[in-house]
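Please read the structure below before turning to the comments.
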Amino acid sequence: MIPLVLPAQAEPGVPYVTRLGRDAGVRNQAQLIEESVNSAIFAGDHGLVEIEGVPANDLDGDVVLVDPDAGRVERLFRSGSNHNTLLVTERCDQLCVMCSQPPKKTHVDRFALLEQACRLADESALIGISGGEPTLYKNELFELIENVLRNRPDLRFHVLSNAQHFTDDDIDRLRQPLWGKVAWGIPLYAADPKLHDEIVGKSGAADALEAGLARLIMAGARIELRTVVVQQNVAILSTLARFVSTNLQPIEQWSIMQLEHIGFARGRWAQLYWDHGQDFSSISEAVDLAELRGIPVRLFNFPRCTVPAAYRELVVPSISDWKRQYAQACDSCTQKAECSGFFAWHPETAMGGLIPL
Ligand code: SF4
């Protein structure tokens with residue numbers, strides 16, 4: 001696993017954002033002045049910062065948030081990675097049964113720092129935004145995105161949201177051309193509102209989501225629907241496919257996702273996990289139906305060799321590079337480069353029996 005938070009000693013002061021690099025005289029960049037096998041010292045506008053745990057080469061070009069009081073740096077953007085996501089809040093108004101990052105009651109406002117970081121991102125980068133629920137701080141979120149894109153029109157955003165906090169007033173704003181650089185990843189777990197509400201742990205969630213999706217569609221927003229497969233919805237996936245293809249035609253993509261063994265799902269694995277390697281039929285039925293009706297489908301978090309050959313081209317290497325692991329058998333696989341393997345926290349006992357491609 002690639003560490004995203006590293007111990008560090010910095011000169012006393014408030015948290016700040018900087019890019020790290022070897023070259024001198026680069027604006028907003030702290031320059032490498034000393035390095036050892038497993039640490040590096042940089043000098044920048046805020047003084048010295050010594051970062052431990054990785055060699056300097058690994059940090060070259062990263063954009064980090066330095067927190068002197070906490071004695072740590074957070075690697076907000078790892079240079080060259082396509083998997084950089086900013087966590088804007090840990091608060092959420094849902095309590096999904098499989099939540100990979102259980103919400104907290106408190107919120108630490110870091111929008112100003114995150115905006116600075118975005119302005120320093122690699123050219124043409126795709127920046128993920130997640131939570132918690134980012135739109136609980138909708139005004140701050142909108143301002144961050146608009147400010148960044150006015151300054152850096154080469155960037156793009158992908159925001160994970162439950163889409164329940166948009167109002168009619170947002171429609172005109174989201175119609176502006178700048179918002180064409182923003183895609184929304186929105187979870188929908190069942191066509192039946194009662195079941196969707198049960199899975200997300202919030203009464204009325206499905207109705208609010210339907211209203212939010214309607215507003216996004218009216219605004220011409222780019223929408224990716226996301227459905228995590230669990231035992232509770234696997235049998236009704238084809239009903240959901242029919243619902244999506246009938247009511248939500250303007251979406252760009254429907255992502256069907258395998259479960260992540262972390263957060264709430266870790267303790268509820270036996271009640272939630274659907275072993276698609278044993279039975280892929282409900283997933284294939286849903287995929288066939290959606291595609292037949294013109295909905296592009298992708299499969300996230302599925303090891304390629306565990307998916308029937310006819311559906312393998314839909315598998316996306318969706319697991320972020322920093323949290324992937326591979327089984328020993330993967331070493332001989334010809335498709336390892338196109339496969340994201342398993343989450344780093346996937347139970348080893350569930351990684352056996354692979355037949356490499
Ligand atoms: S053997 Fe490993 S790398 Fe190859 S498809 Fe399976 S999980 Fe992916």
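Tabulated results
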| item | result |
| --- | --- |
| Some residue of the stretch 268-291 being surrounded by 20 or more Cβ atoms within 10 Å (Cβ to Cβ), closer than 29 Å to residue 75 by Cα and more than 12 Å from the ligand (Cβ to nearest atom) | no |
| Leading residue by the ranking (farthest from the ligand (Cβ to nearest atom)) among those in the stretch 322-357 that are within 26 Å of the chain's Cα centre (by Cα) and among the charged types (D, E, K, R) | 323 |
| Residue 208 being in a helix (DSSP H, G or I), touching a Phe, Trp or Tyr at 6+ places or on another chain (Cβ under 8 Å) and at pLDDT 95 or above | no |
| Subset tally (residues that are within 11 Å of the ligand (Cβ to nearest atom) and among the β-branched types (Val, Ile, Thr)) for the stretch 295-321 | 4 |
| Helices (runs of 4 or more DSSP H) contained entirely in the stretch 110-201, each with at least 1 residues that are surrounded by 20 or more Cβ atoms within 10 Å (Cβ to Cβ) and on the phi > 0 side of the Ramachandran plot | none |
| Residue in the stretch 35-57 that is open to solvent by 70 Å² or more (accessible area, probe 1.4 Å) and under 23 Å from residue 124 (Cα atoms) present | yes |
| Boolean, residue 152 is without any contact (Cβ under 8 Å) to a residue 40 or more places away in the chain and basic (Lys, Arg) | yes |
| Yes/no for residue 344 being at pLDDT below 95, out of contact with any strand residue (DSSP E or B) (no Cβ under 6 Å at 6 or more places or on another chain) and either aromatic (Phe, Trp, Tyr) or surrounded by fewer than 18 Cβ atoms within 10 Å (Cβ to Cβ) (or both) | no |
| Filter result (of a type outside the set (Ser, Thr, Tyr), touching a residue at least 60 places away in the same chain (Cβ under 8 Å) and open to solvent by 40 Å² or more (accessible area, probe 1.4 Å)) within the stretch 64-87 | 72, 82, 83 |
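The values are calculated or read from the model by the stated rules, or taken from the named source; none is laboratory data. Just so you know, these numbers come straight off a predicted model, no measurement behind them. Cβ: placed from backbone, ideal geometry, glycine included. Neighbour counts: every protein chain shown. In case anyone asks, the SASA skips ligands and DNA or RNA and just uses the protein heavy atoms, side chains included. Shrake-Rupley method; radii C 1.70, N 1.55, O 1.52, S 1.80 Å.
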